[in-house]
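The values are calculated or read from the model by the stated rules, or taken from the named source; none is laboratory data. Bear in mind that the values here come from a model prediction, so they are computed numbers and not experimental data. Cβ placement follows ideal geometry from the backbone for every residue including glycine, while neighbour counts extend to all protein chains displayed. Each accessible area value is taken on the protein alone, full model and side chains, heavy atoms only, with ligands, DNA and RNA left out. Shrake-Rupley method; radii C 1.70, N 1.55, O 1.52, S 1.80 Å.
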Amino acid sequence: MTVIQERSAAPAAPAGKPAPKTFSYSSDDIKRMLPHRWPMLMIDRAHDVVPGVSGRGVKNVSVNEPFFAGHYPDHSIMPGVMIVEAMAQLVAVVYVAEVVESGVVSGEPSEGVGYLGSISSMKFSRLVVPGDQLKLEAKLGQRLGGLRQVSVRATVGSETAASGSLIVTTERKPQARSAGRP
């Protein structure tokens, strides 16, 4: 895993405790961390990542995104579900970074990415259009068995585009197949 930048100037630590190290990941790093690929890879860069705790990311919104062809084609706006997906992918980067940066990786890091389990209290406050840079934030909360609560936010400039809470699974389990089905 290539780490573009390692910083120790992370979010302020309580008095007497050192600030946690933060990491930045390029789009190539993210492709190694996540199982998603075009057109569903929705995050271009991650930075200020405190593994297993929090992080920030960037999604550059281009008019070439495939969803713009059919989602209000005469007034291009990014679908809310895609904004949520971008935030969820940042959560996965923060989660996988904990494994990657520990140095104890068995198999591909992307195999440890779980699923989005729940979206709650999600509020959309601003339209996201081609040319916008969507800035993403994620803060992992408490663990609930195999689930993790997360606070997320997406902004464009100083305006909040979306914010809310997600619950994600902390592991991926294969689906059982029914007899006779491929």
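Among (1) at pLDDT below 95; (2) within 30 Å of Leu127 (Cα to Cα); (3) touching a helix residue (DSSP H, G or I) at 6+ places or on another chain (Cβ under 9 Å); (4) open to solvent by 40 Å² or more (accessible area, probe 1.4 Å), where does Ile4 come up short?
(2)
Among the numbered criteria (1) more than 22 Å from Gly112 (Cα to Cα); (2) at pLDDT 95 or above, which one does Gly57 miss?
Among (1) more than 22 Å from Gly112 (Cα to Cα); (2) at pLDDT 95 or above, the lone unmet condition for Gly57 is (1).
Regarding Asp74, is this residue at pLDDT below 95 and over 25 Å from Arg143 (Cβ atoms)? Show your work before the answer.
On the way: at pLDDT below 95: yes; over 25 Å from Arg143 (Cβ atoms): yes.
So Asp74 passes the test.
Could you list, ordered by first residue, the pairs with Cβ atoms under 6 Å in which the first is in the range 137-163 and of a type in the set (Gly, Ala, Ser) and the second is assigned to a strand (DSSP E or B) and open to solvent by 60 Å² or more (accessible area, probe 1.4 Å), at least 6 apart or interchain?
Gly141/Gln149; Ser151/Lys139; Ala162/Phe124; Ser163/Lys123; Ser163/Arg153
What single numbered condition from (1) in contact (Cβ under 8 Å) with a residue 60 or more places away in the chain; (2) open to solvent by less than 30 Å² (accessible area, probe 1.4 Å); (3) in a loop (DSSP other than H, G, I, E, B) fails to hold for Gly57?
If we test Gly57 against (1) in contact (Cβ under 8 Å) with a residue 60 or more places away in the chain; (2) open to solvent by less than 30 Å² (accessible area, probe 1.4 Å); (3) in a loop (DSSP other than H, G, I, E, B), just (3) comes out false.
Look through Glu85, Glu111 and report the one residue that is assigned to a helix (DSSP H, G or I), charged (D, E, K, R) and modelled with pLDDT of 95 or more.
Numbers: Glu111 fails: modelled with pLDDT of 95 or more.
Checking each option against the conditions leaves just Glu85.
Among Phe68, Phe124, which is the only one that is open to solvent by less than 40 Å² (accessible area, probe 1.4 Å) and either more than 18 Å from Glu171 (Cα to Cα) or without any contact (Cβ under 8 Å) to a residue 60 or more places away in the chain (or both)? Before the answer, list the steps.
On the way: Phe124 fails: open to solvent by less than 40 Å² (accessible area, probe 1.4 Å).
Matching residue, one of Phe68, Phe124: Phe68.
Quick one: in the range 160-182, which of the residues that are surrounded by fewer than 10 Cβ atoms within 10 Å (Cβ to Cβ) and closer than 30 Å to Met122 by Cα is modelled with the highest pLDDT? Can you show your working first?
First pass over the range 160-182, keeping only residues surrounded by fewer than 10 Cβ atoms within 10 Å (Cβ to Cβ): 173-182.
Of the ones still in play, those that are also closer than 30 Å to Met122 by Cα are 173-175.
Working: Lys173: 61, Pro174: 57, Gln175: 54.
Per the stated criteria, the residue is Lys173.
Between a first residue in the range 32-47 that is more than 18 Å from Ala138 (Cα to Cα) and a second residue that is in a loop (DSSP other than H, G, I, E, B) and open to solvent by less than 40 Å² (accessible area, probe 1.4 Å), which pairs have beta carbons less than 7 Å apart while being 6 or more apart in sequence or on different chains?
Pro35/Val113
Assess whether Val129 counts as being at pLDDT 90 or above, open to solvent by 40 Å² or more (accessible area, probe 1.4 Å) and closer than 18 Å to Asp44 by Cα. Give the derivation first.
On the way: at pLDDT 90 or above: yes; open to solvent by 40 Å² or more (accessible area, probe 1.4 Å): yes; closer than 18 Å to Asp44 by Cα: yes.
Taking the combined requirement at face value, the residue satisfies it.
Checking the structure you have, find out if any residue of the range 116-126 is assigned to a loop (DSSP other than H, G, I, E, B) and under 18 Å from the mean Cα position of the chain (by Cα).
Step one: list which residues in the range 116-126 are assigned to a loop (DSSP other than H, G, I, E, B), which gives 125-126.
Then drop every residue that is not under 18 Å from the mean Cα position of the chain (by Cα), which leaves none.
Scanning the range 116-126, I find no residue that is assigned to a loop (DSSP other than H, G, I, E, B) and under 18 Å from the mean Cα position of the chain (by Cα), so the answer is no.
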